[in-house]
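Report on the structure given below.
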Amino acid sequence: MKRDEKRAVLRYPYGSRVSYTDLGHPIHPLDKAEVTAEILDLSNAGMRMRTKGRAPGKGTVLRMRISVPEIQAAVPTLAQVIWTKQEKADVCHVGLKFVVQ
């Protein structure tokens, strides 16, 4: 692990799709629209994804379906938004911690 690495678990590159539904935040309303994003890296504790449009807010819990193209399946899980970083005007990176492991 790198000295400047903050994570306890290393993430590995993983190029796949993920679909998510925003389950809301205590002070923000629930959004039932499903959104598709791209997974950039993944570990057993969390992941980073790239999404277009409005990014989910920090602290928000997402219901996710991670695509596994090799076996034509989608793995369901819950994840909480830990951080967001704007890449372009309409593209954002989102750091997530899995709630269900």
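The values are calculated or read from the model by the stated rules, or taken from the named source; none is laboratory data. Keep in mind it's a predicted model, so treat the numbers as computed, not measured. For neighbour counting, all protein chains shown are included, and Cβ atoms are generated from backbone atoms with ideal geometry for every residue, glycine included.
Annotations for the structure displayed:
- A residue that is touching a Ser or Thr at 6+ places or on another chain (Cβ under 8 Å) and hydroxyl-bearing (Ser, Thr, Tyr) occurs nowhere in region 70-84.
- Checklist (1) modelled with pLDDT under 90; (2) within 10 Å of the chain's Cα centre (by Cα) applied to Tyr20, failing item: (1)
- Residues located in region 30-50, provided they are farther than 18 Å from Val100 by Cα and not in a strand (DSSP E or B): Leu30
- Which listed residue, of Glu87, Glu38, is modelled with pLDDT under 90 and acidic (Asp, Glu): Glu87
- Identity of the residue in region 51-73, over 14 Å from the mean Cα position of the chain (by Cα) and either touching a residue at least 60 places away in the same chain (Cβ under 8 Å) or in a strand (DSSP E or B) (or both), that ends up surrounded by the most Cβ atoms within 10 Å (Cβ to Cβ): Val68
- Of the residues making up region 32-72, those that are among the aliphatic types (A, V, I, L, M) and out of contact with any strand residue (DSSP E or B) (no Cβ under 8 Å at 6 or more places or on another chain) number 1.
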